[in-house]
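S.K.: Below: one structure in structure tokens.
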């Protein structure tokens, strides 16, 4: 299941295979560079599972819900983490209301809840608000 990304140069929508989300590619139309994903990826169960199976970089997952105040407070930190770690890590957002099966799978009891995966395996999980520097450190540690 590829992720659709618009080219910043020409606006063409490009289908990016999950295993290449952290790579720099080229637009299929204008051939301009398509940089690595630098924003959080909203994922349903199918996309979540595919990213964990195929990602070649560590993945930070933000389990959140729209009604959660601390989740809304964490959102700018999550977005900044995605920007800082582009090409070296991926950031995925999972809405726990829309995807309760993922919440159950990872025993999510409190949100926001952050999980770090490497090679499809959970390597760290923590509930509660944390800042960008902590999220970046987690991804860097998972990459080491």
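The values are calculated or read from the model by the stated rules, or taken from the named source; none is laboratory data. The shown structure was predicted, so the numbers you read here are calculated from the model rather than taken from an experiment. All Cβ positions, glycine included, derive from the backbone under ideal geometry; neighbour counts span all protein chains shown.
S.K.: Only residues that are in a helix (DSSP H, G or I) and farther than 13 Å from residue 116 by Cα: list them for the stretch 129-144, please. It would help to see each step written out before you state the result.
M.R.: Taking the stretch 129-144 first, the residues in a helix (DSSP H, G or I) are 132-143.
132, 133 - these are the residues of the stretch 129-144 that are in a helix (DSSP H, G or I) and farther than 13 Å from residue 116 by Cα.
S.K.: Something else now. With respect to residue 55, determine if the residue is over 16 Å from residue 135 (Cα atoms), in contact with a helix residue (DSSP H, G or I) (Cβ under 9 Å, 6 or more places away or on another chain) and exposed (fewer than 13 other Cβ atoms within 10 Å of the Cβ).
M.R.: Values: over 16 Å from residue 135 (Cα atoms): yes; in contact with a helix residue (DSSP H, G or I) (Cβ under 9 Å, 6 or more places away or on another chain): yes; exposed (fewer than 13 other Cβ atoms within 10 Å of the Cβ): no.
So residue 55 does not fit the description; no.
S.K.: Which members of the stretch 82-105 meet the condition of being within 26 Å of residue 133 (Cβ to Cβ) and surrounded by fewer than 16 Cβ atoms within 10 Å (Cβ to Cβ)?
M.R.: Those that are within 26 Å of residue 133 (Cβ to Cβ) and surrounded by fewer than 16 Cβ atoms within 10 Å (Cβ to Cβ): 83, 87, 88.
S.K.: Turning to a different aspect of this structure: So which residues in the stretch 109-122 are touching a residue at least 24 places away in the same chain (Cβ under 8 Å) and outside any loop (DSSP other than H, G, I, E, B)? Spell out the reasoning first.
M.R.: Taking the stretch 109-122 as the starting set, the residues that turn out to be touching a residue at least 24 places away in the same chain (Cβ under 8 Å) are 111-118, 120.
Once the filter is applied, which keeps residues that are touching a residue at least 24 places away in the same chain (Cβ under 8 Å) and outside any loop (DSSP other than H, G, I, E, B), the stretch 109-122 yields 113, 114, 115, 116, 117, 118.
S.K.: Keeping to the stretch 3-31, report how many residues are under 19 Å from residue 87 (Cβ atoms), surrounded by 14 or more Cβ atoms within 10 Å (Cβ to Cβ) and either touching a residue at least 60 places away in the same chain (Cβ under 8 Å) or out of contact with any helix residue (DSSP H, G or I) (no Cβ under 7 Å at 6 or more places or on another chain) (or both).
M.R.: Count: 10.
S.K.: Please state which of the following conditions residue 79 fails to meet, knowing it meets all the rest: (1) buried (at least 17 other Cβ atoms within 10 Å of the Cβ); (2) modelled with pLDDT under 95; (3) out of contact with any strand residue (DSSP E or B) (no Cβ under 6 Å at 6 or more places or on another chain).
M.R.: (2)
S.K.: Among the residues of the stretch 130-144, what is the count of those that are out of contact with any strand residue (DSSP E or B) (no Cβ under 9 Å at 6 or more places or on another chain) and at pLDDT below 95?
M.R.: Final tally of qualifying residues: 1.
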